[in-house]
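Asker: Okay, here's the structure, questions in a sec.
The values are calculated or read from the model by the stated rules, or taken from the named source; none is laboratory data. Everything numeric here is computed off the predicted structure, so don't read it as measured data. FYI the Cβ positions are ideal-geometry reconstructions off the backbone, even for glycines, and counts take in every protein chain you see.
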Amino acid sequence: MLEGTAFWIEEPGVGALRTEPLREPGDGEVVVRTLLTGVSRGTEATVFNGRVPPSQYALMRAPWQEGDFPAPVKYGYLNVGVVERGPAELAGRTVFTLYPHQSAFVVSTAAVNPVPEGVPAERAVLAGAVETAVNVLWDAAPLVGDRITVIGAGMIGCCVARLARGVPGAEVVLVDVDPSRREVAERLGVAFAEPDAAPHDRNIVIHTSGSEAGLRLALETVVTEGEVVEASWFGDRPVSLMLGEDFHSRRLTIRSSQVGVVPPSRREQLSTTSRLALALDLLRDPAFDALLTGSSSWRELPDVLARLAADPGSELCHTIVWRDA
């Protein structure tokens, strides 16, 4: 019998590894042996700590999640593996799947996304973050020569900044409270500023820090009649904003961006499948390696996720190695 080792959140703040039997694959299905998974730090910390609001239980379900919020639940969506059994065109291929942390699994062929030649497995783990960044920029719709600020140099913010720098003539500044992010910004080819030095009168400000202070800074630094694109997810945390002062006189807009659906402006032409394929293709860019900041064995995953959920420190994307599982 096939079996796999999976990570489960047993109760808020407590994780464990379980051995699970796998069913035999049927027609149109594949067996994937995991090479690496990635910890999506912000969202997975929210899930690990049991901070998903009940009103969002359905919307926050991962594609291959098992169990229900708050726990026990098997959660995650950054998985790179090799097809062990399946049709000839997929057998032996490295694939990305929106699957939780698990050593092996069975899914439909439609659920796996071949990793392009030239994209290392480690970098392919970032596909979910780059896909989110693509969606954010579709919502933000930057133009040639725009002055763009990204507030929050986490995994999503860094991906947004790297893609935004490709807009001709764009001036991109990445803002973060952690001065060590300056080196990451340099590797991504964008400018860096700490909050006190953040430039003002920006055509577009994209907020990804998940902090109240970050969103306030976004409103302060966007141009009059400008738009702040809110790409953070606050879970069940309340946010207090100054919507008096000059919020109305400057006619500011806060617009949400969420990766669950393709924006209306692209929905007739593109699907979530083609969006993910685009993200994987964009990962041919080696600059994204700046986001890979640590790795651990799958055996350490319960302790690693507890640590990252409590205090991520300077981590961006922490990868979990499953090659010997």
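Asker: I'm told P312 meets every condition in (1) under 26 Å from Q102 (Cβ atoms); (2) free of Cβ contacts under 8 Å to residues at least 40 places away in the same chain except one. Can you identify the failing condition by its number?
Answerer: (2)
Asker: Could you figure out which of (1) surrounded by fewer than 21 Cβ atoms within 10 Å (Cβ to Cβ); (2) touching a helix residue (DSSP H, G or I) at 6+ places or on another chain (Cβ under 7 Å) isn't true of E225?
Answerer: Looking at each condition in turn, E225 falls short on (2).
Asker: Here's something else I'd like to know. Of all residues in segment 264-307, how many are in contact with a Ser or Thr (Cβ under 9 Å, 6 or more places away or on another chain) and either buried (at least 18 other Cβ atoms within 10 Å of the Cβ) or closer than 20 Å to F96 by Cα (or both)?
Answerer: Of the residues in that region, 9 qualify.
Asker: Can you list residue pairs whose Cβ atoms sit under 6 Å apart, with the first residue in segment 139-150 being assigned by TED's automatic domain parsing to the domain that holds R202 and the second being of a type in the set (D, E, K, R)? Count only pairs 6 or more apart in sequence or on different chains.
Answerer: R147/E171; R147/R202; T149/R202
Quick grid of which residues meet (1) charged (D, E, K, R); (2) touching a helix residue (DSSP H, G or I) at 6+ places or on another chain (Cβ under 7 Å); (3) assigned to a strand (DSSP E or B); (4) surrounded by 15 or more Cβ atoms within 10 Å (Cβ to Cβ):
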position: I148; (1), (2), (3), (4): no, yes, yes, yes
position: I156; (1), (2), (3), (4): no, yes, no, yes
position: V167; (1), (2), (3), (4): no, no, no, yes
position: V172; (1), (2), (3), (4): no, yes, yes, yes
position: F192; (1), (2), (3), (4): no, yes, yes, yes
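Asker: Determine, yes or no, whether S257 is free of Cβ contacts under 8 Å to residues at least 60 places away in the same chain, under 24 Å from V39 (Cβ atoms) and touching a strand residue (DSSP E or B) at 6+ places or on another chain (Cβ under 6 Å). Spell out the reasoning first.
Answerer: Numbers: free of Cβ contacts under 8 Å to residues at least 60 places away in the same chain: no; under 24 Å from V39 (Cβ atoms): yes; touching a strand residue (DSSP E or B) at 6+ places or on another chain (Cβ under 6 Å): yes.
No: the conditions fail for S257.
Asker: Here's another thing I want to ask about it. Take E11 and decide whether it is among the acidic types (D, E) and under 25 Å from V115 (Cβ atoms).
Answerer: Numbers: among the acidic types (D, E): yes; under 25 Å from V115 (Cβ atoms): no.
It is false that E11 is among the acidic types (D, E) and under 25 Å from V115 (Cβ atoms).
Asker: Any residue in segment 208-218 that is in contact with a helix residue (DSSP H, G or I) (Cβ under 9 Å, 6 or more places away or on another chain) and β-branched (V, I, T)?
Answerer: Among the residues of segment 208-218, at least one is in contact with a helix residue (DSSP H, G or I) (Cβ under 9 Å, 6 or more places away or on another chain) and β-branched (V, I, T), which makes the answer yes.
Asker: Just to verify a result, which residue in segment 174-190, among those that are more than 22 Å from A124 (Cβ to Cβ) and either of a type in the set (G, A, S) or in contact with a Pro (Cβ under 7 Å, 6 or more places away or on another chain) (or both), is surrounded by the fewest Cβ atoms within 10 Å (Cβ to Cβ)?
Answerer: S180
Asker: Restricting attention to segment 196-207, and to residues there that are closer than 18 Å to R162 by Cβ and in contact (Cβ under 8 Å) with a residue 60 or more places away in the chain, which single residue is nearest to the chain's Cα centre (by Cα)?
Answerer: Selected residue: I206.
Asker: Is it the case that segment 236-250 has a residue that's touching a residue at least 24 places away in the same chain (Cβ under 8 Å) and crowded, with 16+ Cβ neighbours inside 10 Å?
Answerer: no
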